[in-house]
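Attaching a single structure in structure tokens format; questions to follow.
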Amino acid sequence: MEREVIFRIRRFDGEKTYWQDFRFTARKGMTVLEGLYFIKENLDGSLAFRASCRMGVCGSCAVKINGRPRLACETQIFDIGSTLEIEPLDNMPVLKDLIVDMDGFFRKHEAVKPYLIRRDDDYENPKELLQTPEELHAYYDFSLCIKCGACYSACPASATRSDYLGPAAITAAYRFCADSRDEGREDRLNLVSGSDGVWRCHFNAECSEVCPKSIEPAKAVQRMRLMSAIHMIKSIFR
Amino acid sequence: MEVIKSDIVIIGAGLAGLRAAIAAAEKSREVSIALISKTYPIRCHSVCAEGGTAAVLREDEGDSFDLHGWDTVKGADFLADQDAVEFFVREIPKEILRLDNWGCPWSRREDGKIAQRAFGGQSFNRTVFAADRTGFHEVHTLYERSLMYPNITRYDEYFVTNLFIEDNAVKGVSAIHLKTGDLVFFNAKAVILATGGAGRLYGFTTYSHQVTGDGLAIAYRAGVPLKDMEFVQFHPTGLIPSGILMTEACRGEGGYLRNRNGERFMEKYAPERMELAPRDVVARAMWTEIIEGRGFEGPYGPYIALDLTHLGEEKIEERLPLIRDAARKFAGIDPVEEPIPVKPVAHYTMGGIHTNMWTETPVKGLYAAGEVAAVSIHGANRLGSNSTAECLVFGRVAGEKAVEFVQGKRFSEITREEMLAEEKRLFDEFLGRSGDENPYEIKKELNEAMDRYFWIFRTGEEMKKGIKKIQELKRRYENIEIVDKKRGFNTDLMQAMEIGFMLDLAETVAVGAYARTESRGAHYRLDYPKRDDENWLKHTLAYYAPEGPKLEYIPVTITKWQPVERKY
Ligand SMILES: Cc1cc2nc3c(=O)[nH]c(=O)nc-3n(C[C@H](O)[C@H](O)[C@H](O)COP(=O)(O)OP(=O)(O)OC[C@H]3O[C@@H](n4cnc5c(N)ncnc54)[C@H](O)[C@@H]3O)c2cc1C
Ligand code: SF4
Ligand code: FES
């Protein structure tokens, strides 16, 4: 099955922003990413967007499609309709067309110490740590974040406060705090309970709504809040 | 022009590059390490690796280094260097444990120990895995760990364009900072290439869009030989129509391959190992079924059915969740209910930059690790789950070797003339030129030619046509025009350069394959269907020359496993 579609793309060439329509014939099964490549290779080579894996694991291709952040590679054109409005993600500076600057987003992720912290860390002589399937399960779903930025784009708290860590970074912090092998919870709680941390969240849960990996970052933020509250009370009485 | 000085420069932040960076930083907190990649590290291709990483963890349960070594060498159709294989199998278990200590969510047994699964060509279930998202978790774990080292500085979204070598010693690289479009020079004492394979030479491929062989081509043009490029792996099960990989773990977990008569046809081709024979064997069997008319007919041509329905929903959800998700999203099929339509697909570059087992290239201070390199442990056919393992082991080796190398060395400057020449080449001559060829049309034709002439079954006559086609495309490439003339985030410029890289690499695959008049591993010739150890138990080296690659040959290192007939 084939059908004519319109990609209405919000473009930015470094100086000006404008909308441009591209019409072409799409076939059933074609993804939005394939549509973007079709345009680049046949209609306008200057169209800029990011993509790599085209299978929903690298996190490169999140854009806004008809107002909602989605992975272009996982979205079928026909599931959206015959006119698709495509824009770059919100809450990050646009560099060109659909490409936004994610350096700040990655810095926030770095800031929460998103790695396993262990006192007995021994590079030369690593040992097998035991972890039961249940213990693995406790954090596993939160380890699936591909850092696509969809949640960050949809987050009202990130829109109003640019220093807010945002749902993805807090999810990363929670993922490690919930790992039975980790000993770095204290460090991380100090990092996420400041004025740029978990207490900024408005609980609209848009983040969970748009996450293409069904991670529920809002749940992670909520759990981190609980952990920080307990942590704060404990530190008062220490 | 901006010049950044760094003792060690690592190009590529996939599994191999990240592992190299950590190894270097562990070895010395003093050396400065620049980690450059054209994508953010977690956007590298390695995140796509699904099935797992091979390692001997349970000698008490019957596995051994010798078995892993033998499986690898036999899988390689005896073209692997056995000293490197012996070293490799001993080192990988430690890497698995390091990743465990750094947070990798390995799948576990009930007793809490790291679980392992079956994979093709293995005589023990030794593939360690994290569901069917192994590469994803490995990359994220390494990336996150790398954040702990202050002497690693990342340069994300920098596109490397060239390598500078003087008196056979490396002295740096140039890169376009994509965000600004500026050309930046990295002056280094040692350079590690970790830019991955060249999967996108083919149209029907499992590879990410970014895997265009840049590092291979840059090194090749700078005079470094490429080894065994004619060996390209075709994975049996690429999802139709996108080519997305349906991991070998589908069969490792008990899945079947069936033809249109419902037969598990592998019993004709590999009665002992059945669906778990090595990839070259299974891919040829499937293609034979298709050619002989026993494939299913679909809107995208003939295919074979990958049947998981008997595994049950629970097992599929636990062990193969990504596969289920991908089959649903990209083919509209739920593998719990119906078989998945698949056919063989271009999947791995066995060839690569010529290095010894210490990742050293013939150029001083220049190292290569991961898929970009041919160490060579995969020979003519890689075993599934040995590649992520290779990235970890030899990434580490490269990082450590580079640190040893830079001790007491001085920087040798990239001259102003060299910088100006590179600037002129890229922006005036390449970006500035006008022409009437569309680079993407050239890429499309290249992909078609590779899919047709250098696929699973090859013949001299067909390959000759392929070589002519590639040469024609190279000529036409001289006349391309890049539409986007702006500097900032010019993906048009970057992709046009990638296509240029691919054309050079295609030629090395083509010429090497045409010259090798035998069948070995993944290189199968209908006009020379037998392996020929007397004449061809040797590695191909391709050297750059303007008129096309010059071939030389070097012997294979054999330590304890003499070549025998390969049966499964
Ligand atoms: C779908 C799929 C599944 C796989 N599954 C498995 C598996 O289960 N087990 C297994 O062992 N193997 C598997 N493999 C193979 C394995 O994934 C790869 O061989 C391995 O990940 C390669 O890693 P790498 O670090 O060498 O390169 P990559 O991960 O490809 O990284 C290359 C890096 O180089 C950078 N780069 C490239 N060019 C430039 C340039 N010009 N300038 C700057 N940076 C550049 C990229 O940005 C990237 O960071 C699979 C392969 C595929 C295609
Ligand atoms: S939590 Fe979900 S939406 Fe947010 S970055 Fe991760 S994968 Fe993307
Ligand atoms: S291209 Fe990788 S997530 Fe879409």
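The values are calculated or read from the model by the stated rules, or taken from the named source; none is laboratory data. As the structure is a computational prediction, the values presented were derived from the model and not from experiment. Cβ atoms come from the backbone with ideal geometry, glycine included; neighbour counts cover every protein chain shown. Note: areas computed on protein heavy atoms with side chains; ligands, DNA, RNA excluded. Shrake-Rupley method; radii C 1.70, N 1.55, O 1.52, S 1.80 Å.
Which three semi-axes in whole Å describe the equivalent ellipsoid of the range A:62-130, each the square root of 5 times a Cα gyration tensor eigenvalue, listed largest first?
Gyration-tensor ellipsoid for the range A:62-130: 40, 17, 9 Å.
Something else: I need the shape label for the range B:356-485. Rule: rounded when a/c is under 1.5, else prolate if a/b > b/c, else oblate, with a, b, c from the alpha carbon gyration tensor.
Oblate shape, in that a/c is at least 1.5 and b/c is the bigger or equal ratio.
Would you please state which residues of the range A:95-123 a label at residue A:13 would reach in this model, taking the label point 7 Å out along Cα→Cβ and a backbone N cut-off of under 13 Å?
Only A:97 pass the distance filter.
Continuing with the same structure: Take the alpha carbon gyration tensor of the range B:148-208, find the square roots of its eigenvalues, order them as a ≥ b ≥ c, and report rounded if a/c is under 1.5; if not, report prolate when a/b exceeds b/c, else oblate.
prolate
Once phi is turned into θ = phi - 60°, what whole-Hz ³J(HN,Hα) does the Karplus curve with 6.51, -1.76 and 1.60 give for every residue of the range B:340-353, x standing for Gly and Pro?
With coefficients 6.51, -1.76 and 1.60, one gets 9, x, 9, 8, x, 8, 5, 9, 7, 9, 5, x, x, 4 Hz.
Mean separation of Cα pairs under 8 Å and 6+ residues apart, divided by the residue count of chain B: what relative contact order is that in percent?
With pairs under 8 Å counted, the relative contact order is 22 percent.
Given a 1.4 Å probe and no ligands, DNA or RNA in the count, how much accessible surface is buried by A and B, both sides, to the nearest 100 Å²?
Counting protein atoms only, the buried area is about 5700 Å².
Now for a separate question. How shielded is B:468-477 by partner chains, expressed as the average number of their Cβ atoms within 10 Å of its Cβ atoms?
Counting Cβ atoms of other protein chains within 10 Å of each residue's Cβ and averaging gives 0.
If you don't mind, another one. Going highest first, how would you order B:444-452, A:161-169, B:19-27 by mean Cβ packing within 10 Å?
The peptides rank, most packed first, as B:19-27, A:161-169, B:444-452.
Sticking with this structure for a sec: Report P(r) for the range B:106-186: all Cα-Cα distances, bin width 10 Å, range 0 to the bin holding the largest distance, values in whole percent.
14, 23, 25, 19, 16, 2
With helices defined as uninterrupted DSSP H runs, which ones in chain A have an alpha carbon span along their own long axis of at least 24 Å and mean Kyte-Doolittle hydropathy of at least -0.5?
Length and hydropathy pass: A:217-237.
Separate question: Can you list the lysines whose alpha carbon is less than 27 Å from that of residue B:567, not counting same-chain residues fewer than 8 positions off?
Leaving aside lysines fewer than 8 places away in the same chain, those within reach of residue B:567 are B:74, B:227, B:268, B:343, B:530, B:538.
Classify the range B:42-94 as rounded, prolate or oblate, taking a ≥ b ≥ c as the square roots of the eigenvalues of its Cα gyration tensor: rounded when a/c is under 1.5, otherwise prolate if a/b is larger than b/c and oblate if not.
oblate
For the protein assembly as shown, what ratio Rg/Rh do Cα atoms give with a Kirkwood hydrodynamic radius?
Reported Rg/Rh, Kirkwood definition of Rh: 0.94.
Also: Return the subset of A:40/A:147; A:147/A:219; B:364/B:468; A:28/B:464; A:64/B:179 for which the Cα-Cα distance in this structure is over 27 Å, preserving the input order.
From A:40/A:147; A:147/A:219; B:364/B:468; A:28/B:464; A:64/B:179, over 27 Å: B:364/B:468; A:28/B:464.
How many Å² of accessible area per residue for the protein assembly as shown, probe 1.4 Å?
35 Å²
Hey, another quick one. Pick out, from A:73, B:25, B:542, the residue whose Cα sits farthest towards the positive end of the charge dipole of the protein assembly as shown, with +1 on the Cβ of Lys and Arg and -1 on the Cβ of Asp and Glu.
The residue sitting farthest along the positive end of the dipole is A:73.
Nearest 10 degrees, 0 to 90: what angle lies between the long axis of helix B:439-453 and the longest principal axis of chain B (Cα atoms)?
Computed tilt is about 40 degrees.
Now for a separate question. Once each part is reduced to its C-alpha centroid, what is the distance from the range A:82-123 to the range B:313-362 in angstrom?
So the two Cα centres are separated by 26 Å.
When the C-alpha atoms of chain A are aligned to their principal axes, what extent does each axis show, in angstrom, from largest down?
For chain A, the Cα spread along each principal axis is 65, 39, 31 Å.
Hey, another quick one. Given the Cα atoms of the range B:218-286, and with Rh set as the inverse mean 1/r over their pairs in the Kirkwood sense, what is Rg to Rh to two decimals?
1.15
Sticking with this structure for a sec: Check which residues have an amide H placed less than 5 Å from residue A:48's amide H, if you skip close sequence neighbours.
A:98
Binning at 10 angstrom from zero up to the longest distance, how are the C-alpha pair distances of the range B:331-419 distributed in percent?
14, 32, 23, 17, 9, 5, 1
Further question on the same structure: Just round it to a whole percent: the fraction of Cα-Cα distances in the range A:174-238 exceeding 13 Å.
Looking at the range A:174-238, the distances longer than 13 Å represent 66 percent of pairs.
Taking the Cα centre of the range A:59-201 as origin, work out the dipole magnitude from +1 charges on Lys and Arg Cβ and -1 charges on Asp and Glu Cβ, in debye rounded to 20.
420 debye
Only Lys, Arg, Asp and Glu count, each charged at its Cβ (+1, +1, -1, -1), so figure out the dipole size of the protein assembly as shown about its Cα centre, rounded to 20 debye.
800 debye
Please report, to two decimal places, log10 I(q)/I(0) for the range A:103-238 at q = 0.11, 0.19 Å⁻¹ as given by the Debye formula with identical point scatterers on the Cα atoms and no solvent.
-0.40, -1.09
Of the heavy-atom accessible surface of the range B:1-89 (probe 1.4 angstrom), what whole percent is carbon and sulfur?
Ligands and nucleic acids excluded, carbon and sulfur give 46 percent.
Kindly tabulate the residues in the range B:164-187 with an accessible-area decrease of at least 10 Å² between the chain alone and the assembly of all protein chains, using a probe of 1.4 Å.
B:179
Carbon-plus-sulfur fraction of the accessible area of chain A, 1.4 Å probe, in percent?
48 percent
Place +1 on the Cβ of every Lys and Arg and -1 on the Cβ of every Asp and Glu in chain B, take the dipole about the Cα centre, and give the residue among B:119, B:176, B:39 whose Cα lies farthest towards its positive end.
Farthest towards the positive pole: B:176.
Need one value for A:110-118: mean number of C-beta atoms belonging to other chains within 10 Å of its residues' C-beta atoms.
Average neighbour count from other chains, rounded to a whole number: 4.
Show me the ranking of peptides A:121-127, B:140-146, A:198-204 by mean Cβ neighbours inside 10 Å, starting with the highest.
B:140-146, A:198-204, A:121-127
Another one. In square nanometres, what is one fourth of the surface area of the convex hull spanned by the alpha carbons of the range B:181-324?
Seen from a random direction, the Cα hull of the range B:181-324 projects 13.0 nm² on average.
Using the Cα atoms of the range B:1-87 to build a convex hull, what is its mean projected area in square nanometres?
9.1 nm²
Between residue B:123 and residue B:147, what is the FRET efficiency for a Förster distance of 35 Å, r being their Cβ-Cβ separation, to the nearest 0.05?
0.35
Grab every C-alpha pair in the range B:68-210, bin the distances at 5 angstrom width from 0 up to the longest one, and report whole percents.
Calculated over all Cα pairs of the range B:68-210, the distribution is 2, 7, 10, 13, 16, 17, 15, 11, 6, 2, 1, 0 percent.
Rank B:220, B:149, B:195 by how far each Cα sits towards the positive end of the charge dipole of the range B:108-233 (+1 on Lys, Arg Cβ; -1 on Asp, Glu Cβ) and give me just the farthest.
Positive-most Cα among the choices belongs to B:149.
Oh, and also: To check you understand DSSP bridge types, tell me what percent of the beta bridges within the protein assembly as shown (both residues inside) are antiparallel, rounded to 5.
If we restrict to bridges inside the protein assembly as shown, about 70 percent are antiparallel.
Now for a different question. Listed highest first by mean packing, meaning other Cβ atoms within 10 Å per residue, what order do B:317-330, A:133-146, A:56-69, A:1-14 come in?
Packing proxy ranking, top to bottom: A:56-69, B:317-330, A:133-146, A:1-14.
When only Cα pairs under 8 Å and 6 or more residues apart are kept, what is the percent relative contact order across the range A:123-186?
Relative contact order, the range A:123-186: 38 percent.
State, to one decimal in nm², a quarter of the convex hull surface area for the C-alpha atoms of the range B:248-361, i.e. the direction-averaged projected area.
The number I arrive at for the range B:248-361 is 9.4 nm².
What's the whole-number percent of alpha carbon pairs in the range B:438-502 lying beyond 18 angstrom?
Cα-Cα pairs in the range B:438-502 separated by more than 18 Å: 42 percent.
Just want to confirm a number: the relative contact order over chain A, from Cα pairs under 8 angstrom separated by 6+ residues, in percent.
17 percent
Report Rg (one decimal) and Dmax (nearest whole number) for the range B:3-151, counting Cα atoms only, units Å.
Both quantities, over Cα of the range B:3-151: 16.7, 54 Å.
Taking the square root of 5 times each eigenvalue of the Cα gyration tensor, what semi-axes in Å does the equivalent ellipsoid of the range B:411-548 have, largest first?
35, 20, 11
Run the dipole for chain B about the Cα centre, Lys and Arg Cβ at +1, Asp and Glu Cβ at -1, nothing else charged, and hand back the magnitude in debye, nearest 20.
About 300 debye.
For the residue pair residue B:318 and residue B:64, what label-to-label distance in nm results when each label sits 7 Å from Cα along the Cα-to-beta-carbon direction?
Once both label points are built, they end up 3.2 nm from each other.
Sorted from largest down, what three extents in whole angstroms do the Cα atoms of the range A:10-88 have along their principal axes?
33, 27, 25
What span do the alpha-carbon atoms of the range B:65-144 cover on each of the three principal axes, reported in whole Å from largest to smallest?
Sorted from largest, the Cα extents of the range B:65-144 read 36, 26, 19 Å.
Rg(Cα) of chain B divided by 2.2 N^0.38 Å?
Working it through for chain B, the quotient is 0.92.
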